[in-house]
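First comes the structure, then the notes that go with it.
The values are calculated or read from the model by the stated rules, or taken from the named source; none is laboratory data. Here the structure is a predicted model, which means the values were calculated and not measured.
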Amino acid sequence: MKPRPTGSGLVYSTEGGRMCPACRQALNVCVCAAQAKAAPRGDGSVRVSRENKGRGGKTVTLVRGLALDDAALQAMGKQLRHACGAGGTVKDGVLEVQGDHAQKVLDWLLAQGIAAKRTGG
């Protein structure tokens, strides 16, 4: 018989119910999901680009790299959409503004004191 490897983790337990794979705590006491939501997703290097692939030919302006939490990102997205007079959303830490507003978004971010640069075509 082969010896069982140490540190192989919990295989089955009826005590705590389902277990979190990251912290190995019961899901009802796990804080991994809350910490992941609260953590900023951006890398701090703010990039503004224009994209239309996979959107049925519609053009959107994307802002990536903002190091903000979800609530602050939503608030900034609302202000930015209002400044551009367009709709949009926030998906996976990326701000999307409907239409080709790359230069207007870049100017607005620079006026807010955020060092941003234009990427793509």
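Quick look at the numbers
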item: Among residues of segment 35-51, those that are more than 11 Å from the chain's Cα centre (by Cα), modelled with pLDDT under 90 and not in a helix (DSSP H, G or I), counted; result: 2
item: Total residues in segment 53-84, condition under 12 Å from the mean Cα position of the chain (by Cα) and at positive phi; result: 1
